[in-house]
Amino acid sequence: MPHSIITGTGSYIPDRKVDNSHFLKNEFYNINGNKIEKTNEEIIEKFHEITCIGERRYADDNLTTSDIAFEAAKMALEGIDKESLDYILVAHNFGDVKAGGVRPDLCPTLAARVKHSLGIENPYTVAYDVPFGCPGWLQGMIMADYYIRSGDAKKILVIGAEILSRVVDWHDIDCMIYADGAGAVVVEATEENCGILSHVTRSDTKDALHMLWNGRSYKPGQKGDEIYLKMHGHDIYKYALKFVPEVVRMSLEKVGLTLADVNKVLIHQANEKMDRAILKNIFKLYKVKDITEHIMPMTIAWLGNSSVATLPTMFDLLQRGRLDNHRLQSGDIAVFASVGAGMNINSMVYRMP
């Protein structure tokens, strides 16, 4: 049975840097529509303390999500025959949202738009979208692995792209978390015992469905029927700490590995405090007291949370030597994990070729 290896990586990181001072003039309200009494300086200081986000990137007004997905795809496809792709999977959650609006444009699919932009003529390069919350790109990787293991495909492009700066409520403190970006990988079949070794996905819709949702602005009296990205951050924090470590352990156990075999843990960049707590709980599951901080690279401090784009962007930067002191060598084991709207969690174990 063939394995799936990553043969190309790419990312698009917008040039526009937005630091925390950008939000000093915002009017912030809580979920009940009451104006938050703390000063913006106090709000921002507390926000930075919890998330460690000092800046984030926003896309230029002339770009849409499919545009930045295309840019990441071009980089990932360097030296690879694009006409030989069997599938193009694009993970996102809000489609193409034009600057100045919040309405999503989902038809045709973003994957079809990327295929068009790449100039691919092959009608059997099948292009479709994967809306799965923040774990969408990783779920796309899992789907790609199933295609390759079944023999249905030999080469697949998997992209995660999002422009969240256009779907946030500027009167909601959580607007400071979100960012824009895109990451892409090419996955190919190999007979070598490397690449994707295992994966586990969990979906909790009974009690956790509405931890992330689309809702009206927190500022009372706002005109129009626009809806924005909303979340119950504290509930998500508790949910992630409880269940993400267990899903990671399950993915390792499927191939007879333990934490001692892992060289890097790549976690979706949602909130640095949360990610470090997740890592602590993973170590606790294995009864390891001394946490190896260097095992987990982080990008959220300067890139913010770009949803489906955080993991493929991080992996591309890692492969290109752009994350200080973080490297993956041949034979190393990396665990990818993500959590987000649904609520969904997934984990993937990958051995470097």
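The residues neighbouring Gly101, those whose beta-carbon lies less than 9 Å from its own, together hold a net charge of +2 under the Lys/Arg +1, Asp/Glu -1 convention.
Gain in length, Arg149 to Glu49, computed as 0.36 nm per residue apart minus the alpha-carbon separation, to one decimal in nm? Walk me through the numbers before you get to the answer.
Numbers: separation 100, 0.36 × 100 = 36.00 nm, distance 4.39 nm.
Answer, rounded to one decimal: 31.6 nm.
Treating r as the C-beta distance of Asp60 and Asn122 and R0 as 25 Å, the FRET efficiency rounds to 0.20.
For a footprinting-style exposure proxy, rank Tyr29, Tyr124 by other Cβ within 10 Å, fewest first.
Values: Tyr29 18, Tyr124 8.
Result, fewest neighbours first: Tyr124, Tyr29.
Each Cα pair of region 1-139 feeds into the Kirkwood radius, which the Stokes-Einstein equation turns, at 20 °C and 1.002 mPa s, into a diffusion coefficient of 119 µm²/s.
With a 10 Å Cβ neighbour count serving as the proxy for reagent exposure, in which order, fewest first, do Leu24, Leu110, Leu328 appear? Write out the running numbers ahead of the final one.
Details: Leu24 11, Leu110 29, Leu328 18.
Ascending Cβ contact count within 10 Å gives the list Leu24, Leu328, Leu110.
Counting only alpha carbon atoms, the long axis of helix 272-285 and the longest principal axis of the chain meet at about 50°. Using the Cβ of Lys115 as centre and a radius below 15 Å, the other residues enclosed give a net charge of -4, where K and R count +1 and D and E count -1. Compared with the dominant Cα axis of the chain, that is its longest principal axis, helix 40-51 is turned about 20°. Among the GluC sites (Glu not before Pro) in region 6-58, those placed in a DSSP loop whose Cβ has at most 16 other Cβ atoms within 10 Å are Glu27, Glu37. With 23 Å as the limit, the listed pairs Lys230/Lys254; Lys25/Lys219; Lys17/Lys223; Lys98/Lys230 have Lys230/Lys254; Lys17/Lys223 beyond it between alpha carbons. The slack in the chain from Cys194 to Asp324, taken as 0.36 nm per residue of separation less the alpha-carbon distance, amounts to 44.3 nm.
For the chain, state the average projected area of the convex hull of the C-alpha atoms over all orientations, rounded to one decimal in nm².
Working: hull surface 70.4 nm².
Its average projected convex-hull area is 17.6 nm².
The chymotrypsin sites (Phe, Trp or Tyr not before Pro) of region 277-323 meeting both criteria, a DSSP state outside H, G, I, E and B (loop) and at most 14 other C-beta atoms within 10 angstrom of the site's C-beta, are Tyr286.
Do any trypsin sites (Lys or Arg not before Pro) in region 230-326 lie in a DSSP loop with no more than 10 other beta carbon atoms within 10 Å, and if so, which?
Values: sites: Lys230, Lys238, Lys242, Arg249, Lys254, Lys264, Lys273, Arg276, Lys280, Lys284, Lys287, Lys289, Arg320, Arg322; in loops: Lys254, Lys287, Lys289, Arg320, Arg322.
The qualifying sites are Lys287, Lys289.
Under 17 Å of direct C-alpha separation, and excluding same-chain neighbours fewer than eight residues apart, Lys74 reaches these lysines: Lys82, Lys115, Lys155. If the chain linking Arg276 and Thr39 were pulled fully straight, counting 0.36 nm for each residue of separation and taking away their Cα-Cα distance, it would gain 82.5 nm. For region 139-186, the Cβ-based charge dipole about the Cα centre amounts to some 440 debye (Lys, Arg positive; Asp, Glu negative; other atoms uncharged).
Rule-based calculations on the coordinates, nothing more; no lab input. Quantities reported herein were computed from a predicted structural model and do not represent experimental measurements. Positions of Cβ are backbone-derived with ideal geometry, glycine not excepted, and every protein chain shown enters the neighbour counts.
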